[in-house]
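These notes are about the structure you will find just below.
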Amino acid sequence: MTFLQQLTRYKDIVLYRTHASIKSEARQSYLGYVWFLLEPMMSTAVLYFAWSYINGAKGFEAILTILIGMVAWGWFESSVMGGAGSIKAKFHVLNQFSLPKWIFPVVTILVNSWKSLFVFGVVLAMAAAKGLIGVHTLWLPVILLVQLMLIVGLTLPISIAVTLMHDLTTVISSVFRLLFFVSGLFFTASQVKQKCVEGNTPGLYEAFLWNPMAVLIDAYRAVIQRGESPDFSLLGRAAGLALVFLVLGLAAHAYFDKKILKLTNV
Amino acid sequence: MLSKTKKEIWAVRGLNLDIFEGEKLGIMGRNGCGKSTLMRLLAGIYSADEGKVSYSRKDCHVELLSLGVGFEGNLSGAENAVLNGMLMGKSRKHMLERLDAIREFSGLNEFFDMPVYTYSSGMGLRLGFSVAMETDPDVLLIDEVLGVGDEVFVKKSEEALKQKFAGDRTVVLISHDAATIERMCTRAVWLEKGKILAEGNPAEVAAKYHQGVGAYTN
C-alpha cells in the first residue's frame, strides 16, 4: 500500500486521534486550552526581559520579533521532538493493532500544528492592531506550508532512527538546543548579516541561511512585521531540503514499518 | 553507550499452518513457544522474515482481541470506545452507531461518559471487551483472554465469546490451557519452539500435549 493509499485509509483515525489528543491535553490542566497561548507568551517574556537588557531593543517591535520566533520555533521543536518519541511511546498499542507507524508522529505534528496555528492567529491579531498587516501577509500560508513540510520531513526519519537507537534522543536534543541559539529567535537575520559584514565573515552569514528554521523565522517576520515578501530563493531552498527529508522519511517508514517492533528493545 | 537491539531469536520458523474459513482453531503451548508472535504475524503486526502469510480474501479483516489497550485516561468511555474501535479497523460511523450497544453491554452506566482514569481495572476491561464485541472481524484472534471482570461480567463475557465461537466467524484461540481449547475449538495445534508438534482433533492434541510437554519444561 502506498503512502497516499494509507493516508486515505487512516485519515479518520489520524483526525480523531488528533482531536482526542488536543481534548485530552487540555483536560489535564486547570487552565486547559489557555496554556496553548500562555506557553509561548511566557517563553517570549523571559527572552524579552533577558535580551532587551543586552541589546537595548525594547517595546512592541522587539516583543513581536521574539514572539514570532518563539511561535515558529515552538511548533518546530515540540512537533519534531514529540513526534520522534511517539512510536516508542505507543509501542503497547502498535503491538496489538496493525497500524502504520507514521500515524503517531503525524498525530503529534497535527496536535502541535493546531496549537501553533491558534497562537499564530493571536500574533496576527496583535500585528493587525498595530496596523502591520498588509498584502504581503497573504504569503503566510505558503511559509506555514513549507514549515509543515520541514517538520513532517524531519520527524518521519527521526522517529524511526530514535525508535531503533534510543541514544539519538540525547543527540537530537543537543542539536535542537544549538539550533535554538542560531535560528534567529531573539535576533534578526539582518543583525546577523550586519555583524558578519563588520567581522568580515560572510561565510558565517551564508551558513546561517542554510538553516531552514532561520529562513522561515525571517520569512514570517518579513510578511507579518516588515511588510515585505519573503525571500523566495531561500524559501525555495528550505522547501527543497524539506522535500528531501520527506522522501527519506517515507522510504524509512516503508522499509521499517513491519520490522521495527521486532528490532527494538523496549 | 548504545541501546542494544534484540538478539536474533527465531520465535517462529519453518511453520506451515492452514487456517480454514469458519473454523475454531486452538493453539496450545507453553509460555515462550511462539504463540503470541504467530498471532502478531496473523494480525499483520509483524512481517515474516522468511516465508509468507496469505489470505484467500484480499480485504480480510483480522483482529487481535485486546482489552483496553490504547485507552486515553482523560477521555470518556464513549470517546475511548470510538477511538479503540477505529484502532481495530472500524470507521468512526460504525462505532458511533454501536455506542448504545457498548454502553449497554459494558454495564458501565453513568461511568460510560466519565474519564477512563476514574475506572477500576475491571471496568476498563469491561469497556475493552464490550468494544471488541462490536467490531465484527472476519478472523478473531484471542490470546488467553476469555472471561473478564467481576463474577457477573465473567459469565456475560464468556457467553458473548461463546456466541462468537458458535457463528461462522473464523476464530483462533491461543492458550497454555489445553482444557479451554478442548472445550471451545474444533481443531487444535500444539506449538513448541515455533514449530507444530501435533495437529488435529483437540482432545487428541491435548492428550499428546499433556504427555509430551514435560520434556520441554525446564
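The values are calculated or read from the model by the stated rules, or taken from the named source; none is laboratory data. Since the model is a prediction, treat every value here as computed from it, not as a measurement. Cβ: placed from backbone, ideal geometry, glycine included. Neighbour counts: every protein chain shown.
State all residues of the stretch B:61-73 that are modelled with pLDDT of 85 or more and at the interface with chain A (Cβ under 7 Å from one of its Cβ atoms); if no residue qualifies, say none.
B:Leu64, B:Glu72
Going by the structure shown, is B:Tyr46 under 30 Å from A:Asp167 (Cβ atoms) and either facing chain A (nearest Cβ under 9 Å) or not polar (S, T, N, Q) (or both)?
In short, yes.
Just name the residue that is surrounded by the fewest Cβ atoms within 10 Å (Cβ to Cβ) out of those in the stretch B:28-39 that are out of contact with any Leu (no Cβ under 7 Å at 6 or more places or on another chain) and within 13 Å of chain A (Cβ to nearest Cβ).
My answer is B:Ser36.
Could you list, ordered by first residue, the pairs with Cβ atoms under 9 Å in which the first is in the stretch B:95-120 and farther than 17 Å from B:Ser157 by Cα and the second is surrounded by fewer than 13 Cβ atoms within 10 Å (Cβ to Cβ), at least 6 apart or interchain?
From residues that are farther than 17 Å from B:Ser157 by Cα, the pairs are B:Phe111/B:Thr118.
Could you tell me whether B:Glu63 is surrounded by fewer than 17 Cβ atoms within 10 Å (Cβ to Cβ) and out of contact with any Cys (no Cβ under 6 Å at 6 or more places or on another chain)?
It is false that B:Glu63 is surrounded by fewer than 17 Cβ atoms within 10 Å (Cβ to Cβ) and out of contact with any Cys (no Cβ under 6 Å at 6 or more places or on another chain).
List the helices (runs of 4 or more DSSP H) inside the stretch A:1-112, counting only whole elements, that have at least 1 residues being in contact with a Ser or Thr (Cβ under 9 Å, 6 or more places away or on another chain), within 14 Å of chain B (Cβ to nearest Cβ) and farther than 29 Å from A:Ala127 by Cβ.
Correct list: A:3-27, A:86-89, A:91-94.
If you go through the stretch A:218-250 one residue at a time, how many are among the hydrophobic types (A, V, I, L, M, F, W, C), under 22 Å from A:Val80 (Cβ atoms) and surrounded by 14 or more Cβ atoms within 10 Å (Cβ to Cβ)?
12
Test B:Leu64 against the stated conditions and say whether it is in contact with a strand residue (DSSP E or B) (Cβ under 6 Å, 6 or more places away or on another chain) and either hydroxyl-bearing (Ser, Thr, Tyr) or within 26 Å of B:Asn84 (Cα to Cα) (or both).
Here the answer is yes, as B:Leu64 does meet what is asked.
When both residues are 6+ apart or on different chains and their Cβ atoms are under 8 Å apart, which pairs have a first residue that lies in the stretch A:146-167 and is away from every other protein chain (no Cβ under 14 Å), and a second that is basic (Lys, Arg)?
A:Ser159/A:Lys101
For the stretch B:74-92, name all the residues that are among the basic types (Lys, Arg) and either more than 9 Å from every other protein chain (Cβ to nearest Cβ) or crowded, with 19+ Cβ neighbours inside 10 Å (or both).
B:Lys90
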